[in-house]
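Below is one structure, written out as structure tokens, with a few remarks after it.
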Amino acid sequence: MPAAMPVTLPAPRRAARAGAIALLLATGVGCGRPPDLPLRIGINPWPGYELLYLAAEKGFFEQEGVKVRLVEYTSLGDTRRAFELGRLDGMTCTLIELSEVRRRTPLSPSAVLVLDNSMGADVLLAGPGTASVEQLRGRRVGVETGSLGVYLLVRALEMYGLRMEDVVLVASDPPSMGADFAGGTLDAIVSYPPYATEILRDGRAHVLFSSAQIPGEVVDVLAVDAAAAAHRARELTGVIRAWERARVYATEHADETQRRMAERERVSPEELRASLAAIRILPLAEQPPLFAPGAALQQIFARLQAVMRATGQDSLPAASRDGGPAVFISEPLDSALQR
């Protein structure tokens, strides 16, 4: 499926300007988009990303002195592809998408903020004819390739003694999986809210496996390109502070914010709350230790790469990043906490 188009298209003159700058970056010329242009952050439906929308709606970005344009896509894969094409300065993603970009392209994105930890919201779903992961042998499983879905499926299969070769992998995109599953062309699917919420609503699917069974491994981050990391640190600090203000506001005004989130995600407030209960959003003050050299984030990142390599999902040679941007950069986060 082609990448989803952003909800808000830039004016032709600005689009041409952004395209020219992207070309300069791709050829190693220039030092990134001028700071007077908004930071373009790609985002897809997922309850853990909603605080960025709240920050925009409440004017927290402006109050922190930063211009941000949230560009909407339908899935993690679509957001990743737009980032790879130079259409974005940053993206909301899991560590899998961050790894994929660094592995498949010359780009070196870095994570600057942990958005959430999935503690059961990402799921492997099946119909009534499949009662266990072991019964997936020979079955057709829908998954978004090059994204978190592959990793979740790999982990589910290996925990129950199966390999990827034991199932029939069917490339699909999250918005289409529900119809394919309901139509019987897929026996199981890997999904996440709000798409999983819709699929589970009619009771025809049940959870075989979830991120709750691999605690700490499914981490969502805000990742930025090398130009933004190098030349727009002050703005990134503003984005992080605005996100933290949104987190605090959501805690203090839970009913209001959950109602807004539910409307955006097109689910009921009760369904939204159930999804949020399976996601942990980390306060800013708890995050610095995660970014320390050799600490949690680097360990998780190394482990997921090892799993993908061991299962044959990491077959492309990784480009050398010697001297390039680190996978995890803590300076904007540290600055946000000091101000």
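The values are calculated or read from the model by the stated rules, or taken from the named source; none is laboratory data. Computed from a prediction, not measured in an experiment: that's the story for all the values here. Cβ atoms come from the backbone with ideal geometry, glycine included; neighbour counts cover every protein chain shown. Just the protein is used for accessible areas: all its heavy atoms, side chains included, with ligands, DNA and RNA removed. Shrake-Rupley method; radii C 1.70, N 1.55, O 1.52, S 1.80 Å.
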Mind listing whichever residues of segment 257-274 are free of Cβ contacts under 8 Å to residues at least 12 places away in the same chain and either closer than 18 Å to residue 44 by Cβ or open to solvent by 90 Å² or more (accessible area, probe 1.4 Å) (or both)?
259, 262, 263, 270
Starting from residues that are open to solvent by 30 Å² or more (accessible area, probe 1.4 Å) and not in a helix (DSSP H, G or I), keep the ones in segment 292-313 and report whichever is modelled with the highest pLDDT.
292
I'd like to verify a number: residues in segment 49-63 that are in contact with a helix residue (DSSP H, G or I) (Cβ under 8 Å, 6 or more places away or on another chain), farther than 16 Å from residue 90 by Cα and surrounded by fewer than 22 Cβ atoms within 10 Å (Cβ to Cβ), how many?
3
Which of the residues that make up segment 221-255 are without any contact (Cβ under 8 Å) to a residue 12 or more places away in the chain and open to solvent by less than 40 Å² (accessible area, probe 1.4 Å)?
254
Suppose the filter is open to solvent by less than 30 Å² (accessible area, probe 1.4 Å) and either at positive phi or not in a helix (DSSP H, G or I) (or both); does residue 186 pass it?
yes
Looking at (1) touching a strand residue (DSSP E or B) at 6+ places or on another chain (Cβ under 9 Å); (2) farther than 22 Å from residue 63 by Cβ, which one does residue 287 not meet, given that it meets all the others?
(2)
Regarding residue 101, is this residue closer than 17 Å to residue 302 by Cβ, in contact (Cβ under 8 Å) with a residue 12 or more places away in the chain and part of a strand (DSSP E or B)?
no
Considering segment 205-220 alone, what residues qualify as being open to solvent by 10 Å² or more (accessible area, probe 1.4 Å) and either assigned to a helix (DSSP H, G or I) or touching an Asp or Glu at 6+ places or on another chain (Cβ under 6 Å) (or both)?
212, 213
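Could you say which residue among 35, 45, 6 is within 18 Å of residue 146 (Cα to Cα) and either surrounded by fewer than 24 Cβ atoms within 10 Å (Cβ to Cβ) or at pLDDT below 80 (or both)?
Answer to the check: 45.
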Quick check on residue 121: is it assigned to a loop (DSSP other than H, G, I, E, B) and either on the phi < 0 side of the Ramachandran plot or open to solvent by 60 Å² or more (accessible area, probe 1.4 Å) (or both)?
yes
Is there a residue being assigned to a loop (DSSP other than H, G, I, E, B) and among the polar types (S, T, N, Q) anywhere in segment 67-81?
yes
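Of a type outside the set (Lys, Arg) and open to solvent by less than 10 Å² (accessible area, probe 1.4 Å): is that true of residue 92 in this structure?
Answer is yes for this residue.
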Looking at this structure, is residue 197 modelled with pLDDT of 95 or more, open to solvent by 10 Å² or more (accessible area, probe 1.4 Å), hydroxyl-bearing (Ser, Thr, Tyr) and within 30 Å of residue 129 (Cβ to Cβ)?
yes
